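The values are calculated or read from the model by the stated rules, or taken from the named source; none is laboratory data. Because the structure is a prediction, the values reported are computed rather than measured. Using ideal geometry, Cβ is built from the backbone for each residue, glycine included, and neighbour counts are taken over all protein chains shown.
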Amino acid sequence: MRKVFIHPISVRIWHWINAGLIFFLIITGVQLRFSWLTLFQYHHAVFTHKIAGFILAGSFLYWLAYYLITGNFKQHYIFHRKDAKGMVRQAIYYTFTMFKHQKSPFTPSSQERFNPLQKIAYLSVMLIFTPVILVTGILFSDIVCFLGIINYIGGLRILDAIHVATGYVFFLYLIVHLYMSTLGHRVVSHVIAMITGYVEEGDETKQEQVE
């Protein structure tokens with residue numbers, strides 16, 4: 001099967017570091033939220049959650065700078081008119097025709113990596129939810145220093161509600177992302193692609209089974 005190179009090594013390294021950070025932040029965040037759990041000692045969870053959060057902020061800035069400087073943000077993430085036309089077809093594929101082993105309406109390439117629904121999901125996570133959870137996390141990192149800003153947005157309870165709700169969004173996104181990663185030509189195809197950089201031509205284009 002022919003393979004197409006679509007994931008540069010810089011993107012692959014960033015992806016796995018970012019994935020590890022998000023997973024660790026979720027685990028430590030659960031410990032902080034439910035103090036009766038014994039995943040970590042509470043004070044260790046506080047410290048490591050804060051450090052991982054600052055590293056995630058650096059990871060986000062790297063992602064943003066990389067895609068803006070290389071021009072790949074416009075190439076891969078910007079929503080175009082044809083994406084709007086393809087949304088319904090892609091949604092029908094994911095919810096119905098995929099299970100009948102029919103062909104996906106989108107084929108990833110080095111020119112365009114993401115289908116319309118992926119663009120919406122990734123843009124929402126990277127440009128809305130990531131900044132929200134980073135900013136609220138930074139405010140939590142030094143309540144005394146940022147008390148004026150915290151009071152301006154409604155106090156600690158509001159800040160906590162925003163931070164935790166966004167954390168749940170990341171948890172749900174992680175589950176969906178893990179599921180979607182199994183929908184390649186083989187169950188491990190997308191994972192292998194994010195390791196090697198090469199996607200099998202059959203990924204996202206499951207052919208109808210020949211009877």
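Values as computed for the structure displayed
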read-out: Residue that is surrounded by 14 or more Cβ atoms within 10 Å (Cβ to Cβ), assigned to a helix (DSSP H, G or I) and at pLDDT below 95, where the choices are L183, L117, L139; value: L117
read-out: Region 1-20: number of residues that are more than 11 Å from the chain's Cα centre (by Cα) and under 15 Å from L61 (Cα atoms); value: 5
read-out: Output for region 28-63, where each listed residue is farther than 25 Å from H15 by Cβ and touching a residue at least 40 places away in the same chain (Cβ under 8 Å); value: R33
read-out: Residue check, I13 over 22 Å from E112 (Cα atoms) and either of a type in the set (V, I, T) or not in a helix (DSSP H, G or I) (or both); value: no
read-out: Region 79-102, subset in contact with a helix residue (DSSP H, G or I) (Cβ under 8 Å, 6 or more places away or on another chain) and part of a loop (DSSP other than H, G, I, E, B), residue surrounded by the fewest Cβ atoms within 10 Å (Cβ to Cβ); value: F79
read-out: Residues located in region 70-93, provided they are modelled with pLDDT of 85 or more, under 27 Å from K3 (Cβ atoms), over 18 Å from the mean Cα position of the chain (by Cα) and not basic (K, R); value: T70, G71, D83, G86, Q90, Y93
read-out: So G154, is it more than 28 Å from I92 (Cα to Cα), in a loop (DSSP other than H, G, I, E, B) and modelled with pLDDT of 90 or more; value: yes
read-out: Some residue of region 38-48 being closer than 20 Å to F171 by Cα, under 15 Å from the mean Cα position of the chain (by Cα) and assigned to a helix (DSSP H, G or I); value: no
